[in-house]
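Student: Here's a structure for you.
The values are calculated or read from the model by the stated rules, or taken from the named source; none is laboratory data. Keep in mind that this is a model prediction, so the values were computed, not measured. As a convention, Cβ positions derive from the backbone with ideal geometry for all residues, glycine included, and neighbour counts pool all protein chains shown. All accessible areas refer to the heavy atoms of the entire protein, side chains included, with ligands and DNA or RNA removed. Shrake-Rupley method; radii C 1.70, N 1.55, O 1.52, S 1.80 Å.
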Amino acid sequence: MAGAAPATAFGQAVIGPPGSGKTTYCLGMSEFLRALGRRVAVVNLDPANEGLPYECAVDVGELVGLGDVMDALRLGPNGGLLYCMEYLEANLDWLRAKLDPLRGHYFLFDCPGQVELCTHHGALRSIFSQMAQWDLRLTAVHLVDSHYCTDPAKFISVLCTSLATMLHVELPHVNLLSKMDLIEHYGKLAFNLDYYTEVLDLSYLLDHLASDPFFRHYRQLNEKLVQLIEDYSLVSFIPLNIQDKDSIQRVLQAVDKANGYCFGIQEQRSLEAMMSAAVGADFHFSSTLGIQEKYLAPSDQSVEQEAMQL
């Protein structure tokens, strides 16, 4: 085993709803990985992706185009994209022929943003399952906009979507709250950031929702949804600002732990060189509290005043 050529490849399947930052993540992560000394191949699996900002090693647009499918079959964007994924699933020999010469690279798969592909449609899951048979170890990196935390109802929806995705995709999974630098552009958080990242006692979120006359009528439904999320106890989030090296490294650590990737000696040295100025010689990362202090404005209210509002 020690002298054998590495046959196993590693990578990330970058998924999430439209506009959550998947393509920007692939660009930022690929640049970070190259700085560490990893050979990176970015694979675009989204036929609707145009004007890619990164160097694309494999583009599904060479196999099937969304515009051609919509014109030929008279489908809308969603139906056309589902057809494209089913067509890729039926022609996986094309994908394998493209990936085999890249063996030895670290893969980043930029996936389509249609939520149904990751919650109940079988094509994307089948593609990931086939890649596992090719000895390609993937971690699903699921991005959602961090500003959803500012709306309790939307945050419960995000939790349900994340849980459904984790159960359906059947890959090692890391959930990210993307665009952390914009988290409070749509409102203030009702609780500290760790409440959302660790998905703590959601009964407090229900109490917060009960103050809204509209959601008060759906309290029992929200209670059942929250109970389902807490019964599985699977969902948690890592905050991400793709422009922050410390934030990217925190994500990479979680991904490497999930899929079993092992650091090489040279990569470790490169990593220490990149991060020494930011985190010091002890190589510690800031806590969630540090992230909150960095991106969230401090509250002017006392704890008692906030409690009275709730």
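Student: If each of Asn78 and His217 carries a label point 7 Å out from its Cα toward its Cβ, how far apart are those two points in nm?
Tutor: Result: 2.4 nm between the two label points.
Student: Which entries in Lys188/Lys245; Lys154/Lys179; Lys154/Lys188; Lys22/Lys188 show an alpha-carbon gap greater than 21 Å? Provide the component values of the computation, followed by the final result.
Tutor: Numbers: Lys188/Lys245 25 Å; Lys154/Lys179 16 Å; Lys154/Lys188 14 Å; Lys22/Lys188 25 Å.
From the list (Lys188/Lys245; Lys154/Lys179; Lys154/Lys188; Lys22/Lys188), the Cα-Cα distance tops 21 Å for Lys188/Lys245; Lys22/Lys188.
Student: Could you run the Karplus curve 6.51 cos²θ - 1.76 cosθ + 1.60 with θ = phi - 60° over region 88-96 and give me ³J(HN,Hα) per residue in whole Hz, x for Gly and Pro?
Tutor: 5, 4, 7, 10, 5, 4, 5, 5, 5
Student: Please identify the GluC sites (Glu not before Pro) of region 38-106 that satisfy two criteria: DSSP loop assignment and at most 12 other Cβ atoms within 10 Å. Which are they?
Tutor: Values: sites: Glu50, Glu55, Glu62, Glu86, Glu89; in loops: Glu50, Glu55.
Listed in order of number, the matching sites are Glu50, Glu55.
Student: In region 31-66, which trypsin sites (Lys or Arg not before Pro) fall in coil by DSSP and have 15 or fewer other Cβ atoms within 10 Å?
Tutor: Working: sites: Arg34, Arg38, Arg39; in loops: Arg38, Arg39.
Listed in order of number, the matching sites are Arg39.
Student: I've got another one for you. What number in nm² do you get for region 1-92 if you take the convex hull of its Cα atoms and divide its surface by four? All intermediate terms of the calculation are to be shown ahead of the outcome.
Tutor: Numbers: hull surface 31.5 nm².
Mean shadow area of the hull around the Cα atoms is 7.9 nm².
Student: Given Cα pairs under 8 Å that are at least 6 residues apart, what percent is the relative contact order of region 101-177? The partial results should precede the final answer.
Tutor: Numbers: 57 pairs, mean separation 29.9, N = 77.
With pairs under 8 Å counted, the relative contact order is 39 percent.
Student: Related question: In sequence order, what are the phi-derived ³J(HN,Hα) couplings for region 42-54 according to the Karplus relation 6.51 cos²θ - 1.76 cosθ + 1.60 with θ = phi - 60°, rounded to whole Hz, with x for glycine and proline?
Tutor: These are the phi-based 3J(HN,Hα) values: 9, 10, 8, 9, 9, x, 8, 6, 10, x, 5, x, 10 Hz.
Student: Percent of accessible area on region 42-116 owned by carbon and sulfur, 1.4 Å probe? Don't skip to the end; give the middle numbers.
Tutor: Working: 1620 of 3530 Å².
After summing per-atom areas, the C and S share lands at 46 percent.
Student: List, in order, the whole-Hz ³J(HN,Hα) value for each residue of region 20-28 obtained from phi through the Karplus relation with A = 6.51, B = -1.76, C = 1.60 and θ = phi - 60°; use x for Gly and Pro.
Tutor: Result, ordered by residue: 7, x, 5, 5, 5, 4, 4, 5, x Hz.
Student: Please give the FRET efficiency for Glu230 paired with Thr8, using the beta carbon to beta carbon distance and R0 = 25 Å, rounded to the nearest 0.05. Show your work: numbers first, answer last.
Tutor: Numbers: r = 36 Å, r/R0 = 1.43.
After rounding, the FRET efficiency stands at 0.10.
Student: So what does log10 I(q)/I(0) come out to for region 114-168 at q = 0.13, 0.14, 0.31 Å⁻¹, using the Debye formula with one equal point on every Cα and no solvent?
Tutor: Evaluating at q = 0.13, 0.14, 0.31 Å⁻¹ gives log10 I(q)/I(0) of -0.40, -0.45, -1.24.
Student: If amide H atoms are built 1.01 Å from N in the plane of the peptide, which residues on other chains or at least 5 residues away come under 5 Å of the amide H of Phe10?
Tutor: Long-range HN contacts for Phe10: Phe107, Arg137.
Student: Is region 207-262 rounded, prolate or oblate when judged by the Cα gyration tensor, a ≥ b ≥ c being the square roots of its eigenvalues, rounded requiring a/c under 1.5 and prolate requiring a/b larger than b/c? Spell out each step's value before the answer.
Tutor: Working: a/c = 6.40, a/b = 2.16, b/c = 2.97.
Taking the square roots of the gyration eigenvalues as a ≥ b ≥ c, region 207-262 is oblate.
Student: What shape does region 105-254 have by the C-alpha gyration tensor, where a ≥ b ≥ c are the square roots of the eigenvalues, rounded means a/c under 1.5, and otherwise prolate means a/b greater than b/c and oblate the rest?
Tutor: Values: a/c = 2.34, a/b = 1.48, b/c = 1.59.
Oblate shape, in that a/c is at least 1.5 and b/c is the bigger or equal ratio.
Student: Return the distance in nm (one decimal) between the two label points of a simple spin-label model at Tyr204 and Asp246, each offset 7 Å from Cα along Cα→Cβ.
Tutor: That separation, rounded to one decimal, is 2.4 nm.
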